[in-house]
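Asks: Take a look at this one; I'll ask things after.
The values are calculated or read from the model by the stated rules, or taken from the named source; none is laboratory data. As the structure is a computational prediction, the values presented were derived from the model and not from experiment. Glycine gets a Cβ as well: all are built from the backbone with ideal geometry, and neighbour counts include every protein chain shown.
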């Protein structure tokens, strides 16, 4: 019954899958490149829609998957296809033979500096969603001056829905993340005016729309329909943002103390690198391609290889966890059918 | 100069740094739903006065938030308070009551 399953990536999808595999009596081996488990969620402060601390989710997953074999600081050196199994060589010199590999390689945040017009890495007052979330956790960021927080802007869709940035896909979670972060900032700085610059607001998830109404009605956050076209700095070291208010059909400008760029999700280059070792196909959006995007999302076209989480496209935390469980069930069913 | 047809065009830019939000804040205290508009346009589409006068509750709210109070007030003057916009608003904004509150707050100000 006991079967070895190699899980590539120790983010929330990998940990949830390890936990479920352990519960079913299998032996998961988690390979994580970085020095910690939990992936991007480990850097996050609170999760929408109920503001649950991200740390609680990660701690829960880490403790319930602790019986798995976990390798930190480890990468995949190469993978060979044997007759009916795979030989996986790790960067620490260990080699594993397994019939099953689960990709939970996740996403990478779009590099906001590529959108030069927004001034990330150029102006000191421009940060990303991830920087802000780290600041919520650590209160340490030299770019954020607590005493001068009178006006803050959020730019939606940075590197998402952007053909020129070679990412036509919607990153899905940035709309709700921007609203969540705007509310959190408003709670910290009640006197600050907060602006969200959006093209569309895509609030598809459970209670997301309620969050939007709360931001408008209770927090007085200003929503401006229009994409920021350029950012510059004035002599006082503040940033001037230009956009068109497309509802008014007029140009608009505003001076801000902090500008937060909502960087979108792009495919993790590490997943495409490892996928390349097994000639796994890449979908038109740059993420890994499932057998079927409707009914077989967690199944790759190759025997024994499965996907879960954001390696196949942008996903929320609950979606990622659900996919991890679904992939484990596919693997488990496949193990049973072999007997 | 007029014989050459030259003139200086005023800037159409909305400068959010210069918006005086005091009256809008007063309005929100009285009508918390005023900031809930998501600009769907249902109110303007159903408005009996809209096709003749350009009246639109969503535009009135947008103008007020941007400090374009004269424009908003001029638009509102063609409202007949029929309340059709109230029936169609998906956010449940009591638009009729809102319009009366706007007149109460902004109507007093001679500067508008």
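Asks: Which residues, taken from region A:80-100, are in contact with a helix residue (DSSP H, G or I) (Cβ under 9 Å, 6 or more places away or on another chain) and in a strand (DSSP E or B)?
Replies: A:80, A:100
Asks: In region A:188-230, what residues are more than 9 Å from chain B (Cβ to nearest Cβ) and on the phi > 0 side of the Ramachandran plot?
Replies: Across region A:188-230, the qualifying residues are A:207, A:226.
Asks: Could you please tell me which pairs satisfy a Cβ distance under 6 Å, a separation of 6+ or placement on different chains, a first residue in region B:4-23 that is facing another protein chain (nearest Cβ under 8 Å) and surrounded by 10 or more Cβ atoms within 10 Å (Cβ to Cβ), and a second residue that is at pLDDT 85 or above and in a loop (DSSP other than H, G, I, E, B)?
Replies: Here the result reads B:14/B:66, each pair linking region B:4-23 to a residue that is at pLDDT 85 or above and in a loop (DSSP other than H, G, I, E, B).
Asks: Given the structure, is residue A:237 on the phi > 0 side of the Ramachandran plot, out of contact with any helix residue (DSSP H, G or I) (no Cβ under 8 Å at 6 or more places or on another chain), surrounded by fewer than 16 Cβ atoms within 10 Å (Cβ to Cβ) and within 14 Å of another protein chain (Cβ to nearest Cβ)?
Replies: no
Asks: Here is a follow-up. Tell me, yes or no, whether region A:134-150 has at least one residue that is free of Cβ contacts under 8 Å to residues at least 12 places away in the same chain and surrounded by 15 or more Cβ atoms within 10 Å (Cβ to Cβ).
Replies: Yes, region A:134-150 contains at least one residue that is free of Cβ contacts under 8 Å to residues at least 12 places away in the same chain and surrounded by 15 or more Cβ atoms within 10 Å (Cβ to Cβ).
Asks: Scan region A:298-311 and tell me whether some residue there is assigned to a loop (DSSP other than H, G, I, E, B) and out of contact with any helix residue (DSSP H, G or I) (no Cβ under 9 Å at 6 or more places or on another chain).
Replies: yes
Asks: Now for a different question. Just checking, how many residues over region B:69-93 are farther than 17 Å from residue B:28 by Cβ, within 14 Å of another protein chain (Cβ to nearest Cβ) and part of a loop (DSSP other than H, G, I, E, B)?
Replies: Here the count works out to 1.
Asks: A further question follows. For region B:65-100, how many residues are buried (at least 16 other Cβ atoms within 10 Å of the Cβ) and on the phi > 0 side of the Ramachandran plot?
Replies: Number satisfying all stated conditions: 1.
Asks: Which residues, counting only those in region A:247-285, are surrounded by fewer than 20 Cβ atoms within 10 Å (Cβ to Cβ) and within 10 Å of chain B (Cβ to nearest Cβ)?
Replies: A:247, A:249, A:250, A:251, A:253, A:255, listed by residue number.
Asks: Same structure, new question: In the set A:9, A:14, which member is on the phi > 0 side of the Ramachandran plot and buried (at least 23 other Cβ atoms within 10 Å of the Cβ)?
Replies: Just one listed residue meets the conditions, A:9.
Asks: Something else about it: Does residue A:29 meet the test of being part of a helix (DSSP H, G or I), assigned by TED's automatic domain parsing to the domain that holds residue A:330 and closer than 27 Å to residue A:332 by Cα?
Replies: So residue A:29 fails the test.
Asks: Does region B:29-45 contain at least one residue that is over 23 Å from residue A:223 (Cα atoms) and either away from chain A (no Cβ under 11 Å) or not in a loop (DSSP other than H, G, I, E, B) (or both)?
Replies: Scanning region B:29-45, I find no residue that is over 23 Å from residue A:223 (Cα atoms) and either away from chain A (no Cβ under 11 Å) or not in a loop (DSSP other than H, G, I, E, B) (or both), so the answer is no.
Asks: Taking interchain pairs and intrachain pairs at least six residues apart, which have beta carbon atoms under 6 angstrom, with the first residue in region A:152-166 and on the phi > 0 side of the Ramachandran plot and the second assigned to a loop (DSSP other than H, G, I, E, B)?
Replies: Here the result reads A:157/A:199; A:159/A:110; A:159/A:165; A:159/A:264; A:161/A:170, each pair linking region A:152-166 to a residue that is assigned to a loop (DSSP other than H, G, I, E, B).
Asks: Looking at this structure, is residue A:290 in a helix (DSSP H, G or I), at negative phi and surrounded by 16 or more Cβ atoms within 10 Å (Cβ to Cβ)?
Replies: Here the answer is no, as residue A:290 does not meet what is asked.
Asks: Check region A:38-51 and report whether any residue there is outside the structural domain of residue A:183 (by TED's automatic domain parsing), out of contact with any helix residue (DSSP H, G or I) (no Cβ under 9 Å at 6 or more places or on another chain) and at negative phi.
Replies: Checking region A:38-51: at least one residue is outside the structural domain of residue A:183 (by TED's automatic domain parsing), out of contact with any helix residue (DSSP H, G or I) (no Cβ under 9 Å at 6 or more places or on another chain) and at negative phi.
Asks: In addition: Is it the case that region A:63-72 has a residue that's assigned by TED's automatic domain parsing to the domain that holds residue A:321 and crowded, with 21+ Cβ neighbours inside 10 Å?
Replies: Looking through region A:63-72, at least one residue is assigned by TED's automatic domain parsing to the domain that holds residue A:321 and crowded, with 21+ Cβ neighbours inside 10 Å.
Asks: For region A:121-201, give me every one of the strands (runs of 3 or more DSSP E) that falls completely inside it and has 2 or more residues that are modelled with pLDDT under 95 and within 20 Å of the chain's Cα centre (by Cα).
Replies: none
Asks: Please state which of the following conditions residue B:62 fails to meet, knowing it meets all the rest: (1) part of a helix (DSSP H, G or I); (2) surrounded by 13 or more Cβ atoms within 10 Å (Cβ to Cβ); (3) more than 14 Å from chain A (Cβ to nearest Cβ).
Replies: That leaves (3) as the condition not met.
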